[in-house]
Amino acid sequence: MNLHISIWTLLILWAALLFGGALFGRWNADETHRMPTWARMASSFVLVALAWDIHVLHGDQIAPYSLLIALGMTLGFLGDLFMARLIPVQQHVLGGMGAFALGHIVYIAAILGLGDRLAINDTPLRLGAWIALLLVGAVAWYVVVWKGGKRSPLHIAALPYALLLASTAGFALGMAIQDGRFIPLALGAVLFLASDLILAAQLFNGATFRRIGDVVWLTYGPAQMLIVMSGVTAIIALP
């Protein structure tokens, strides 16, 4: 299918902000990133605009999927604002986790609903992929967050949060196994989980390396883009 010029424009703008910021931004004091805050937030906002653009252009064909994806991306942007401390609250990590968690609940509803609509909802495959990713999420939480660090209520709260992100990846993988056109969606959900685990290692256990902040965003940004652009896949897949 031919994409509307507004979709192409927003995709190019998103890539310019994200990758341009990583390539040409100035180093911060501890060299964890070059991408400036404004470029990170702007790239996320462009994905919000892209998600709503797809819904406005094609919502009559793929709603409620496009609406739910747009809502999920909007909540993701809210989470970005919390994590960047642009929303003045003391518990910015908890605020970010809450916003992202709500976004993933919406993403899961979208994925399950579209899978049922397209009849790519084989129960053993769907549940198998979900359980496999839940195990991955649980092990990753133990290794990255719980093992070897200080333990607080926030560390405990990170477990259901990790399992929620893993559930998105699991259900998306279940779709991709049944219909290869949804491999990019599954890749996006897995990248989101990977990005969050890197961030969790930094936040909870003080892990750091040169450009860790850029690595987080260079996995998170494409993850969200692939999830948002799954709306185009849905247009193609629906009869």
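Of the residues in region 201-215, how many are within 18 Å of residue 40 (Cβ to Cβ) and part of a helix (DSSP H, G or I)?
6
Does residue 156 meet the test of being out of contact with any Asp or Glu (no Cβ under 9 Å at 6 or more places or on another chain) and of a type in the set (Val, Ile, Thr)?
yes
For region 1-41, name all the residues that are in contact with a helix residue (DSSP H, G or I) (Cβ under 8 Å, 6 or more places away or on another chain), among the hydroxyl-bearing types (Ser, Thr, Tyr) and more than 30 Å from residue 61 (Cβ to Cβ).
Once the filter is applied, which keeps residues that are in contact with a helix residue (DSSP H, G or I) (Cβ under 8 Å, 6 or more places away or on another chain), among the hydroxyl-bearing types (Ser, Thr, Tyr) and more than 30 Å from residue 61 (Cβ to Cβ), region 1-41 yields only 32.
Please tell me if residue 25 is of a type in the set (Gly, Ala, Ser), under 26 Å from residue 88 (Cα atoms), buried (at least 19 other Cβ atoms within 10 Å of the Cβ) and touching a Lys or Arg at 6+ places or on another chain (Cβ under 8 Å).
When the stated conditions are applied, residue 25 does not pass them.
Among the residues of region 163-201, write down those that are in contact with a Gly (Cβ under 8 Å, 6 or more places away or on another chain) and within 17 Å of residue 80 (Cβ to Cβ).
Listed by number, the residues that qualify are 165, 193.
Okay, residues lined up against (1) of a type outside the set (A, V, I, L, M); (2) modelled with pLDDT of 95 or more; (3) more than 18 Å from the chain's Cα centre (by Cα):
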| position | (1), (2), (3) |
| --- | --- |
| 57 | no, yes, yes |
| 60 | yes, no, yes |
| 79 | yes, yes, no |
| 82 | yes, yes, no |
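The values are calculated or read from the model by the stated rules, or taken from the named source; none is laboratory data. This one's a predicted model, so the numbers in the text were calculated from it and none came from an experiment. Cβ coordinates were reconstructed from backbone atoms using ideal geometry, including for glycine residues, and neighbour counts include every protein chain displayed.
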